[in-house]
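S.K.: The structure follows.
The values are calculated or read from the model by the stated rules, or taken from the named source; none is laboratory data. Remember, it's a predicted structure, so these values are computed and weren't measured experimentally. Virtual Cβ from ideal backbone geometry, glycine too; neighbours counted across all protein chains shown. For accessibility, only protein heavy atoms count, side chains too; no ligands or nucleic acids. Shrake-Rupley method; radii C 1.70, N 1.55, O 1.52, S 1.80 Å.
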Amino acid sequence: MLPEYLHFPTPDAAARPEQIVTAGNVRFTVLSSRLIRMECGGVTDRATLTVLNRRFDAPAFTAEEQDGVLTITTEHLKLTYRVGAAFAADTLSVALLSRPYTVWHYGEEPLQNLGGTMETLDRVNGSMEIAGGICSIDGYALIDDSRTALMDGEGWFLPREAEILDLYFFGYGHDYTAAVQDYYRLTGAPQMLPAYVLGNWWSRYHRYSDREYLALMDKFQEKDVPLSVGIVDMDWHLTEGDGREYWTDGWTGYTWNEDYFPDYQEFLKELKKRNLKTALNLHPALGVRDHEAQYEEMAAALDRKADGTPVYFDCLSPDFWRAYFEVLHFPYERDGVDFWWMDWQQGTDYAWNPETGENPLTCLTPLWMLNHMHYLAARRHGGRGFIFSRFAGLGSQRYPIGFSGDTVITWESLQFQPYFTVTATNIGYSWWSHDIGGHMSGDRDDELTTRWIQFGVFSPIFRLHSTANIFASREPWTYNPRAEAVMSDFMRLRHRLFPYLYTMCRRNAKDLIPLLRPMYHVSPEERAAYEVPNVYWFGDQMVAAPITERADAVSGLGGTDVWLPEGVWVDAFTGYVYRGGKFRAHRPLEQMPLFLKAGAIVPLQAHTAHENDLGGSERMELWIAAGGSGAFTLYEDDGETLAYEQGIYAETPYAFSWGEKTLTIAPVRGHVDLVPGERIYTLRFIGLAAGCGFTANGETLDAQYDAATNTYVVTLSGVTAAEGAVVTITGAALADDSDYYARIIDLLTRAQGGFDRKYQLKERLDKAIAKKNPDHFDIVSDHTDGLPSAMYEIWNEYRKARKE
């Protein structure tokens, strides 16, 4: 019998009666004005593995039958069905009323689906085809739920009838945000993650001893590179055989290897002393063999003899799941294991137990069962459930975090990963974790690893990883000094960004908006938004554009194509002011393009040397982008439990008024006891011209100006949770590009190349300046290297500023 803690709390999945239209053996359910369920050959109101909820607010619609044709009309869709006929192209169609020429006929797929995601990137070198999502340029997409197992209401599963159709038509046009939100409502949204998962993770396929692993963790602390999670890959357990008949090939195991971990409980305690959470890697496919410490107990729990034959991984047995957790996993969790890395690589094969015979649930995969059951088990004591595992299909967003697999270490692989990660938003899968730096093969390339780490910091989950090759390490100090410094700074930045990341995690759970979003989700009618696959919204305040190409040898800068919506933008690292549009951004290794919309407010926690705490900091930072007004509400809770579901959390509203030139830190609302009573803020006003003054409560604040980054740094002490503070700016003006000439000359000076050519480029610059309101910089015709393009990026923003 399935234990109570593995019962999935499915709501009543039935739609409201007023949403249902029946015609013979066909049933249509109007879930929203843009989402219609279509069933034929059999109907069900049960939840499925994919669909949990159909009880949407009933939309207004009409249903009329005339001359044997049923027509259902909503605000956005018109469905036409010839009553009594099987679903076919000439019997069932849906028209999008906002797009007069878009009509779907049964059997058609959208021609321009914007993509979803895939189970794994294992062994991928570069790009791969990915499955479709629910967003398309055509304006519609479908989900086929016909073969998905049903939930029986008590935690177990039932097969579907063989000849039924169960389809969901998403007709959202280009309102991709609403499509994803309703997909979440239909299939379930990811809940709040534990706070610690948003920090830096360490993992490596390497046979560590306990002393070596702890020494490595200490080295990270000594180097002031924070970690929040330390994973031990598969060599924590026995992997080498002793000649017995049923010994595995080493991948599956549950017994600690005492040669490397003579006292594993003490090892886990030492990780806790270092404020680190830990996970163990598992490949459970081959079950429990007789060499395992738990073999006899597993056999007894399943009421079978411990006769030396394996206890097979029987994921279709409720009794097996009870023993699996209570014998194999829960004892280790009591010892200090925080979560599990499920490394399932055996596809949908059920042949691990030759005694079970035919599988009655062919629509239920072992990977799905593992993710589902581990998620539920993790929540049994009121904790936040998650499992680190591969994507198992539609609805997998309920079971974060995704492990994307073993990629090849190449620039091509890095170039694909931002697109792959952000496109998963189109199927609601918001928490991918990649092997940052790549996993295997490839070449040693310090620049590549550095750029990969920069992307990792601005990805959902940051996890360093590499294969069992002594030369493929990911410790920053094993790289050249310049790369080491950049890697370390960015990993510190990841922890500093925690308040922003955690608030965006809350937004994903509450408002159903993922952390990463393609540019076309926010600007769907802008053609250029579809042409920058590696540029994406990182939360609601920033746009990230990681560099995924090798630096140009002449300019020494890495470049990437960028498009920004019209308006004022400020680069967080350089302080450069942009005015939207498409351009190519160039940055040295120390920087990546990261754009704040005017008025953006990004909360960070101040870095504390040699510490790895996440949340609850008394020392905070705010990045504020000049040029516009904006607001942000910081979210905080206990970071561990489900108490937030009962309203136990705190919020701190921030507001920046460009018109009034004020920054307001409002009093904390909610459970004030969750935050420090008083905080010190370091305010970074980015994109301001020199000449500003700052006051709070009538007192002048100390302010330092960095002309190189157009940034004022202001310290504001004694900000209480009860009262907050208001900062007033005098003389505030948006930084112009008056230093454009000096920037270009500096670029030319540092460039590697002939002095004569540099001087020729300078002469072209001087001629362009002499023109009255020049429209372009004629050096762009010189494409022998990346230097002219880098110069033009600077000139183009200056030209836009002059036209305003």
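S.K.: Which value in Å does the Kirkwood hydrodynamic radius of the range 529-668 take, with 1/r averaged over all unlike C-alpha pairs and then inverted?
M.R.: 17.2 Å
S.K.: Can you work out the accessible area per residue across the range 1-63, with the rest of the protein chains kept in place, probe 1.4 Å, in square angstrom?
M.R.: With the other protein chains kept in place, the range 1-63 gives 40 Å² per residue.
S.K.: Here is a further query. What FRET efficiency comes out for the pair Ala666/Arg274, r = Cβ-Cβ distance, R0 = 30 Å, nearest 0.05?
M.R.: After rounding, the FRET efficiency stands at 0.25.
S.K.: Something else now. Skip the ligands, DNA and RNA, and give the accessible area per residue of the range 458-501 with a 1.4 Å probe, whole Å².
M.R.: Normalised by residue count, the accessible surface of the range 458-501 is 29 Å².
S.K.: Leaving out ligands, DNA and RNA, what percent of the accessible area of the chain is carbon and sulfur, probe 1.4 Å?
M.R.: 48 percent
S.K.: Express in nm, to one decimal, how much length is gained between Arg527 and Arg304 on full extension, taking 0.36 nm for each residue of separation and deducting their alpha carbon distance.
M.R.: Roughly 73.9 nm would be gained on extension.
S.K.: Next up: Got a sec? Charge dipole of the chain, +1 on Cβ for Lys and Arg, -1 for Asp and Glu; which of Gly442, Tyr479, Leu77 is way out at the positive end?
M.R.: The Cα lying farthest towards the positive end belongs to Leu77.
S.K.: Divide, for the range 625-684, the radius of gyration over alpha carbons by 2.2 N^0.38 Å, where N is the residue count.
M.R.: Ratio of Cα Rg to 2.2 N^0.38 Å: 1.33.
S.K.: Extension gain Ile648-Lys582, at 0.36 nm per residue separation less the Cα-Cα distance, in nm?
M.R.: That works out to 19.4 nm of additional length.
S.K.: Over the range 209-332, what is the relative contact order in whole percent, taking alpha-carbon pairs under 8 Å and six or more residues apart?
M.R.: 24 percent
S.K.: Taking a label point 7 Å from the Cα of Arg334 along the Cα→Cβ vector, which residues of the range 265-285 have an amide N closer than 14 Å to it?
M.R.: Within reach of a label on Arg334: no residues.
S.K.: Right, next: Determine, at each q value in 0.13, 0.14, 0.18, 0.19 (inverse angstroms), the log₁₀ of I(q)/I(0) that the Debye formula gives when each Cα of the range 354-489 is one equal point scatterer.
M.R.: Computed log10 I(q)/I(0) values: -0.66, -0.74, -1.01, -1.07.
S.K.: Order Ile665, Ile130 by their accessible area, 1.4 angstrom probe, all chains in place, largest first.
M.R.: The ranking, largest first, comes out as Ile130, Ile665.
S.K.: Leaving out ligands, DNA and RNA but keeping every protein chain, what accessible area does Glu296 have, in Å² rounded to the nearest 10, with a 1.4 Å probe?
M.R.: So the heavy atoms of Glu296 present about 140 Å² to solvent.
S.K.: How large is the accessible surface of Trp256 in square angstrom, using a 1.4 angstrom probe and rounding to the nearest 10?
M.R.: 10 Å²
S.K.: Along the Cα-to-Cβ line of Ser657, 7 Å from the Cα, sits a label point; which residues in the range 704-735 have backbone N less than 20 Å from it?
M.R.: 723-734
S.K.: If you don't mind, there's one more thing I want to ask. Calculate I(q)/I(0) for the chain by the Debye formula, one identical point scatterer on each C-alpha and no solvent, and give its log10 at q = 0.05, 0.08, 0.10, 0.11 Å⁻¹ to two decimals.
M.R.: Normalising to I(0) and taking log10 leaves -0.30, -0.76, -1.15, -1.33.
S.K.: If you don't mind, another one. Evaluate 2.2 N^0.38 Å with N set to the residue count of the range 10-96, then give the Cα radius of gyration divided by it.
M.R.: That ratio works out to 1.07.
S.K.: Hey, if we sort Thr187, Thr641, Thr700 by accessible area with the 1.4 Å probe, largest down, what's the order?
M.R.: Accessible-area ranking of Thr187, Thr641, Thr700, largest first: Thr700, Thr641, Thr187.
S.K.: Further question on the same structure: Give me the log10 of I(q) over I(0) for the range 385-455 at q = 0.27 Å⁻¹, as the Debye formula computes it from C-alpha points; what are the numbers?
M.R.: -1.19
S.K.: Per-residue ellipticity at 222 nm for the chain, helices alone: DSSP H runs ≥ 4 residues times -39500 (n - 2.57), over residue total, nearest 500 deg cm²/dmol?
M.R.: Taking each H run of at least 4 residues, the total per residue is -6500 deg cm²/dmol.
S.K.: Starting from the Cα of Tyr759, step 7 Å along the direction of its Cβ; do the same at Gln66; then give the gap between the two resulting points in nm.
M.R.: Those two pseudo-labels are separated by 8.4 nm.
S.K.: Rolling a 1.4 angstrom probe over the protein chains, ignoring ligands and nucleic acids, what is the accessible area of Glu484 in square angstrom, nearest 10?
M.R.: Counting only protein heavy atoms, the figure is 40 Å².
S.K.: Across every pair of different alpha-carbon atoms, what Kirkwood hydrodynamic radius in Å does the range 541-600 reach?
M.R.: 11.7 Å
S.K.: In the range 18-46, which residues have a backbone nitrogen under 15 Å from the label point lying 7 Å from Glu163's Cα in the Cα-to-Cβ direction?
M.R.: Counting only backbone N, you get 25-26, 40-43.
S.K.: Run the numbers on the range 33-141 and let me know its relative contact order in percent, using alpha-carbon pairs under 8 Å that are six or more apart.
M.R.: 16 percent
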